[in-house]
Amino acid sequence: MHKRRKLGRGVAVVGAGMSKFGLFKDKDSKDLFVEAFHQMISSVDKGVDPRDIDALYLGNFTNDFFMHQGHWGPIVSDLIGLAPKPATRTEGACASSGLAFREGVFAIASGFYDMVLIGGVEEMSKRSTEEVSEGLALASVPYEGRVGFTFPGVFGALATVYFDKYGATREHLMNVTIKSHSNARLNPKAQFNLSIRDIMEAKVESARKKGKPLPNWRDEKEFLRDPMANPVVAWPMHLYDCCPISDGASCLLLVAEEMAKNFTEDPLYVVGIGQGSGRGLHACDDLTYFEATRYAAKEAYEMSGLKPEDVQIAEVHDCFSLAELINIEDLGFFKPGEGYKAVEEGLTRLDGPKPINTSGGLKCKGHPVGATGAAQLYEIWEQLRGKAGERQVPIKDLRIGAAHNLGGTGGTSTFTILERR
Amino acid sequence: MEERPFSDIAYEQFLNEEKLMGSRCTGCGALFAPPRPICLECNGSEMEWVEMKGKGKLHAFTCIAVVPPSMMGEGYGRDHPYCSGVVELEEGPRVVARIEQVDTSKPEEIKVGMPLTVKFLHRGEGEGKKTFLAFKPLR
């Protein structure tokens, strides 16, 4: 009994903002959300009175664990003057604000609300790497944590299967990393807005200042092969395969489609949304794809009537370099087992035919987990409206962009397609 | 054979007793390890316990160097990684487990497909006793 899903009424994005992502000893979750919120308000071309917002949906994964503070919905609604209007926290691990977006869309599509704020926030930098690793592992399935799997460990294990099945190697993962860094270099909000070459030069400079022997890497790959520069985290995942620990916040303003032009002549329309759920590593038939992503993608493509080749740019959930390869295959951009070849051929570069993660992706933009889904949509908002500055993709008639958010070890996945008309 | 519920708690009790147990749907015969209370194939809820032989092959693995605090307590860390993996049992289902007695300083030499046999890792004493599922190379 398959039914093509559609929204009860159309929904448009009329504003978006994100804080700078990074490690902020002097800023907390509230400060970061205010930063994103202010930018969102100022991004609404014809202005908006924030008192007209009907409700908030806020993604947060585990500030409970990282900050010993839960219940972030009302904290943020009070902060921005929205209380006593309703605030709902959504939790889907690293896909928490992908879920917030979807719930916000449904709330408007149902006719119940006309204007909804969705967003996400996460504050991770006040904990040690080991503690963050333990906190993130809360999102794996119980069996995995018990036998020592960390998040990088899960993706490391997936990599061994992908390598074995398709003949890819670590060198192919490096292509993803190099591409992400070269995009992030052009993103002032990114945590690491440096190319790999910039990082190499900085390390040489630092060695020179300290009077140490100068490293002599021929190229980016030699740098990434150097175990001193790029140590193993969970083999075959090395430091530069892994997204960083980050703080950050992001938000988008959604309104009913018929009202969109009251706020901007250039809204983005929600044409496809999908969400899927997945299983633990032990229960997956095949560890070279995410069932949840394939389900989410199918739902979104069917709803929109679009095909993977219609999506001109996409942000995909590259929590680890390997994940980017799996994602671009699961979303149908490339055939299974061919994602690594596409990246190697440069097809996913900023100036390629299918730019992926123009923001620098989670790897370089940063991954404050609860804020990531909305921050991906922020990048699509900037790109589709031609406001991405130096990293604006050179595609003529750019109209369709999409964002893919993945939670846990594939347990939750959302896929959202936006259209500029 | 056993009256225990088809739960994670029972699965772990069996591990304590050095038994790797799964559940089989009496309706359609589908086999699950760890046990499931509801069959994924036919949605049936009539299950029976089945003991796995504890033989299998390595399906996926990783050698973890940035370790959570719980594993630090066992002496693991950046200079002493441990291996976790997915093991495909001879009976068909896959389980996640620690992989013991492999050289984690040379992960390139650990091969997907290598034959493994079960090993039960007991940690702690009395009430705090826990058993972790592990596998080691079949030699």
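The values are calculated or read from the model by the stated rules, or taken from the named source; none is laboratory data. This structure is a prediction, so every number in the text was calculated from the model and none was measured. Every residue, glycine as well, gets a Cβ built from its backbone with ideal geometry; the counts of neighbours run over all protein chains shown.
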- Task: Just name the residue that is nearest to residue B:119 (Cα to Cα) out of those in the range B:52-81 that are surrounded by 15 or more Cβ atoms within 10 Å (Cβ to Cβ), away from chain A (no Cβ under 11 Å) and of a type outside the set (A, V, I, L, M).
- Result: B:54
- Query: Tell me, which residue of the range A:328-352 that is in a loop (DSSP other than H, G, I, E, B) and basic (Lys, Arg) is surrounded by the most Cβ atoms within 10 Å (Cβ to Cβ)?
  - Reply: A:349
- Message: Here is a check on your reading of the model: is residue A:390 touching a strand residue (DSSP E or B) at 6+ places or on another chain (Cβ under 7 Å) and charged (D, E, K, R)?
- Response: no
- Message: Looking at A:79, A:58, A:7 in this structure, which one is among the hydrophobic types (A, V, I, L, M, F, W, C) and under 18 Å from the mean Cα position of the chain (by Cα)?
- Response: A:58
- Note on the structure: When the range A:139-154 is checked residue by residue, the ones that are in contact (Cβ under 8 Å) with a residue 24 or more places away in the chain, within 17 Å of residue A:129 (Cβ to Cβ) and within 8 Å of another protein chain (Cβ to nearest Cβ) are A:149, A:150, A:152, A:153, A:154
- Go through the range B:1-30 and give me each residue that's surrounded by fewer than 19 Cβ atoms within 10 Å (Cβ to Cβ), among the hydrophobic types (A, V, I, L, M, F, W, C) and part of a loop (DSSP other than H, G, I, E, B). B:1, B:28, B:30
- Message: Quick test for you: out of B:53, B:129, pick the one residue that is modelled with pLDDT under 95, in contact with a strand residue (DSSP E or B) (Cβ under 8 Å, 6 or more places away or on another chain), within 23 Å of residue B:8 (Cβ to Cβ) and not hydrophobic (A, V, I, L, M, F, W, C).
- Response: B:129
- Message: If I go through the range B:116-139 residue by residue, how many of them are more than 16 Å from residue B:90 (Cβ to Cβ) and of a type in the set (Val, Ile, Thr)?
- Response: 1
- Task: Kindly indicate the residue of the range B:105-130 that is more than 22 Å from residue B:66 (Cβ to Cβ) and within 10 Å of chain A (Cβ to nearest Cβ) and also surrounded by the fewest Cβ atoms within 10 Å (Cβ to Cβ) among those meeting that condition.
- Result: B:113
- Task: Would you confirm whether any residue within the range A:121-134 is touching a Lys or Arg at 6+ places or on another chain (Cβ under 6 Å) and either within 14 Å of another protein chain (Cβ to nearest Cβ) or in contact (Cβ under 8 Å) with a residue 60 or more places away in the chain (or both)?
- Result: no
- Message: Tell me which strands (runs of 3 or more DSSP E) are completely within the range B:41-139 and hold 1 or more residues being farther than 28 Å from residue A:165 by Cβ and not acidic (Asp, Glu), or say none if there are none.
- Response: B:47-51, B:115-123, B:130-137
- Task: Give me a count of the residues in the range A:297-320 that are within 14 Å of chain B (Cβ to nearest Cβ) and in a helix (DSSP H, G or I).
- Result: 0
- Message: So in the range A:205-260, with the set limited to residues that are crowded, with 17+ Cβ neighbours inside 10 Å, over 30 Å from residue A:104 (Cα atoms) and in contact with a His (Cβ under 7 Å, 6 or more places away or on another chain), which one is nearest to the other protein chains (Cβ to nearest Cβ)?
- Response: A:232
- Query: Can you tell me how many residues in the range A:335-386 are of a type in the set (A, V, I, L, M, F, W, C) and under 25 Å from residue A:124 (Cβ atoms)?
  - Reply: 10
- Count - residues of the range A:142-188 that are out of contact with any Ser or Thr (no Cβ under 7 Å at 6 or more places or on another chain), β-branched (Val, Ile, Thr) and outside any helix (DSSP H, G or I): 1
- Message: Against the condition of a type in the set (S, T, N, Q), in a helix (DSSP H, G or I) and buried (at least 24 other Cβ atoms within 10 Å of the Cβ), how does residue A:372 come out, does it pass?
- Response: yes
- Note on the structure: Of B:84, B:45, the only residue that is out of contact with any Lys or Arg (no Cβ under 9 Å at 6 or more places or on another chain) and either surrounded by 14 or more Cβ atoms within 10 Å (Cβ to Cβ) or not charged (D, E, K, R) (or both) is B:45
- Query: So which of B:109, B:125 is within 16 Å of residue A:234 (Cα to Cα), charged (D, E, K, R) and free of Cβ contacts under 8 Å to residues at least 24 places away in the same chain?
  - Reply: B:109
- Query: Which ones in the range A:379-421 are assigned to a strand (DSSP E or B) and surrounded by fewer than 24 Cβ atoms within 10 Å (Cβ to Cβ)?
  - Reply: A:400, A:419, A:420
- Note on the structure: Conditions (1) assigned to a helix (DSSP H, G or I); (2) touching a residue at least 40 places away in the same chain (Cβ under 8 Å) -> residue A:222 fails only (2)
- Item | Criterion (surrounded by fewer than 24 Cβ atoms within 10 Å (Cβ to Cβ), more than 14 Å from chain B (Cβ to nearest Cβ) and either outside any strand (DSSP E or B) or among the basic types (Lys, Arg) (or both)) met by exactly one of A:294, A:279 | A:294
- Message: Consider the range A:194-217. How many of its residues are touching an Asp or Glu at 6+ places or on another chain (Cβ under 8 Å) and part of a helix (DSSP H, G or I)?
- Response: 3
